[in-house]
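I have placed the structure first, in the form of structure tokens, so that the comments after it can refer back to it.
The values are calculated or read from the model by the stated rules, or taken from the named source; none is laboratory data. The structure displayed is predicted, hence computed values, not measured ones. Ideal geometry is used to build each Cβ from the backbone, glycine not excepted, and the neighbour counts take in all protein chains shown.
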Amino acid sequence: MKKRTKRKIEEPVVTAVTFDKNQVKMTILDVPDRPGVAGKIFGALAKENINIDMIIQSAARGRKNDISFTISYNDLKKAVEVLEEVSKELNAGGVVYEDNMAKVSIIGVGMKSHPGVAAKMFETLGKENINIEMISTSEIKVSCIIKKEHLELAVRSLHEAFNLSKKVRI
């Protein structure tokens, strides 16, 4: 008797490209590399109801590092006030930000079992000469912070690369 094998239905790896034009990348420079510092920074922002999206902490150099993260453009003024105060308290190197940023993401539940999805996203953006400022991943999403001026090209290119709908409105 022949053994029947279940036929696996292949699900699309990436099912959507999403974006947010309302991003600001903030960085606190030369933050002391010691326990509790990140809690102090993000606790101060939380007290002001400022939501944080992506966070990147650089490798320490000389017992200091940079911490970059994204916030909504609507929170920029208050975030700068809060972070300048925290920066002084920590004896950090100051606060810088870029307010012309956008987030583009690819989403799909099949991503976690398909190697190379993130690489394909990064290669697609690279072919269009779009620099990636920050990257965040989860089991179902890869997000990149890019300059806002490249958002439309990024979304269209990713739709094409992952064979999604041709009709894109930004």
Condition check for Lys103: basic (Lys, Arg), within 15 Å of the chain's Cα centre (by Cα) and surrounded by fewer than 18 Cβ atoms within 10 Å (Cβ to Cβ): no
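For segment 105-134, name all the residues that are touching a strand residue (DSSP E or B) at 6+ places or on another chain (Cβ under 6 Å) and among the charged types (D, E, K, R).
Glu133 - this is the single residue of segment 105-134 that is touching a strand residue (DSSP E or B) at 6+ places or on another chain (Cβ under 6 Å) and among the charged types (D, E, K, R).
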Segment 18-31, residues that are within 17 Å of Phe69 (Cβ to Cβ) and either of a type outside the set (Asp, Glu) or within 12 Å of the chain's Cα centre (by Cα) (or both): Asp20, Asn22, Gln23, Val24, Lys25, Met26, Thr27, Ile28, Leu29, Val31
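Going by the conditions given, is Val117 surrounded by 15 or more Cβ atoms within 10 Å (Cβ to Cβ), of a type outside the set (D, E, K, R), in contact with a helix residue (DSSP H, G or I) (Cβ under 7 Å, 6 or more places away or on another chain) and modelled with pLDDT of 95 or more? So that I can check it myself, show each step before the final result.
Details: surrounded by 15 or more Cβ atoms within 10 Å (Cβ to Cβ): yes; of a type outside the set (D, E, K, R): yes; in contact with a helix residue (DSSP H, G or I) (Cβ under 7 Å, 6 or more places away or on another chain): yes; modelled with pLDDT of 95 or more: no.
Spelling it out, it is not the case that Val117 is surrounded by 15 or more Cβ atoms within 10 Å (Cβ to Cβ), of a type outside the set (D, E, K, R), in contact with a helix residue (DSSP H, G or I) (Cβ under 7 Å, 6 or more places away or on another chain) and modelled with pLDDT of 95 or more.
Does Glu149 satisfy the condition of being part of a helix (DSSP H, G or I) and closer than 28 Å to Lys77 by Cα?
It is true that Glu149 is part of a helix (DSSP H, G or I) and closer than 28 Å to Lys77 by Cα.
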